[in-house]
Amino acid sequence: MDQTFIILKPSTIARCLVGDVLTRFQRKGLLIAGIKMMCLDEAILREHYAHLVDRPFFPSLLHSMTATPVIVAVLRGKNAVEVVRAMTGATNCRNAAPGTIRGDFGMSGQENIIHASDSPENAEIEINRFFRPEEIFDYTLAGIGSIYAPDELD
Ligand code: UDP
Ligand code: MG
């Protein structure tokens, strides 16, 4: 099974939407393989958002991402990266399609509820950046046989 990485951003914590967002992933059939609350600092955000450090909005993004603790999680499922990105929606919540998390819960480009890894390669890097191996658990959902057909389980 594939794994992806998400951050429930300070906008989600401050607006008490943690349960609503996590429920969507659980209803979809994704397994929570690891989850914890943590405070992000400038060093980890400069790594995580390395592609954005030179953008004019980076100081504002840094301020936003350190406003409260966040919840980081590893989600497991078939094609998890692609499935979770599709559920996340476009970066700017105002452009995100209804039915996506950003489309349903936000109005902002910056305060956009959730981070989700954009490729399997980045998912692996991000999981290793935020989790120790022993914080990720290997178990199976009781309903796994109703979530996937036998030939979809690898
Ligand atoms: N962001 C922003 N303004 C922009 C572009 C991005 O504030 O013009 C923030 C936003 O919170 C976004 C994060 O920077 O989620 C990372 O940007 P990226 O382009 O990687 O978008 P994502 O992968 O989160 O959709
Ligand atoms: Mg991104």
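Rule-based calculations on the coordinates, nothing more; no lab input. Source: prediction; values computed, not measured. Here the Cβ is made from the backbone with ideal geometry for all residues, glycine too, and neighbour counts use every protein chain on show.
Between Thr23, Thr4, the distinction of being assigned to a strand (DSSP E or B) and either surrounded by fewer than 18 Cβ atoms within 10 Å (Cβ to Cβ) or touching a helix residue (DSSP H, G or I) at 6+ places or on another chain (Cβ under 8 Å) (or both) belongs to Thr4 only.
Identify all residues within region 97-112 that are out of contact with any Pro (no Cβ under 9 Å at 6 or more places or on another chain), near ligand 1 (Cβ under 9 Å from one of its atoms), over 17 Å from His51 (Cα atoms) and not polar (S, T, N, Q); write none if there are none. Reasoning before the result, please.
First, the residues of region 97-112 that are out of contact with any Pro (no Cβ under 9 Å at 6 or more places or on another chain): 97-103, 105-110, 112.
From the residues that got through so far, the ones that are near ligand 1 (Cβ under 9 Å from one of its atoms) too are 102, 108-110, 112.
Of the ones still in play, those that are also over 17 Å from His51 (Cα atoms) are 102, 108, 112.
Matches in region 97-112: Arg102 only.
Does Met38 fit the bill of being exposed (fewer than 14 other Cβ atoms within 10 Å of the Cβ), among the aliphatic types (A, V, I, L, M), touching a residue at least 40 places away in the same chain (Cβ under 8 Å) and closer than 23 Å to Ile136 by Cβ? For Met38, the condition - exposed (fewer than 14 other Cβ atoms within 10 Å of the Cβ), among the aliphatic types (A, V, I, L, M), touching a residue at least 40 places away in the same chain (Cβ under 8 Å) and closer than 23 Å to Ile136 by Cβ - is met.
Looking at region 47-56, is at least one residue more than 16 Å from ligand 2 (Cβ to nearest atom), in contact (Cβ under 8 Å) with a residue 24 or more places away in the chain and not polar (S, T, N, Q)? Among the residues of region 47-56, not one is more than 16 Å from ligand 2 (Cβ to nearest atom), in contact (Cβ under 8 Å) with a residue 24 or more places away in the chain and not polar (S, T, N, Q), which makes the answer no. The C-beta contact set for region 61-79 (first residue free of Cβ contacts under 8 Å to residues at least 60 places away in the same chain, second residue among the acidic types (Asp, Glu), distance under 8 angstrom, 6+ apart or interchain) comprises Leu62/Glu42; Ser64/Glu111; Thr66/Asp41; Thr66/Glu42. Among the residues of region 125-153, those identified as acidic (Asp, Glu) and either assigned to a loop (DSSP other than H, G, I, E, B) or in contact (Cβ under 8 Å) with a residue 24 or more places away in the chain (or both) are Glu126, Glu135, Asp138, Glu152. For region 123-151, a residue qualifies if it is more than 23 Å from Tyr49 (Cα to Cα) and aromatic (Phe, Trp, Tyr), and the qualifying residues are Phe137, Tyr139, Tyr148. Pairs meeting the criteria (first residue in region 104-122 and under 15 Å from Leu8 (Cα atoms), second residue of a type in the set (Asp, Glu), beta carbons under 6 Å, at least 6 apart or on different chains) are Ser117/Glu126.
Can you find even one residue in region 56-79 that is under 14 Å from the mean Cα position of the chain (by Cα), closer than 30 Å to Thr140 by Cα, within 12 Å of ligand 1 (Cβ to nearest atom) and not in a strand (DSSP E or B)? No, region 56-79 contains no residue that is under 14 Å from the mean Cα position of the chain (by Cα), closer than 30 Å to Thr140 by Cα, within 12 Å of ligand 1 (Cβ to nearest atom) and not in a strand (DSSP E or B). Comparison of Arg94, Arg102 shows that the only residue that is surrounded by 15 or more Cβ atoms within 10 Å (Cβ to Cβ) and basic (Lys, Arg) is Arg102.
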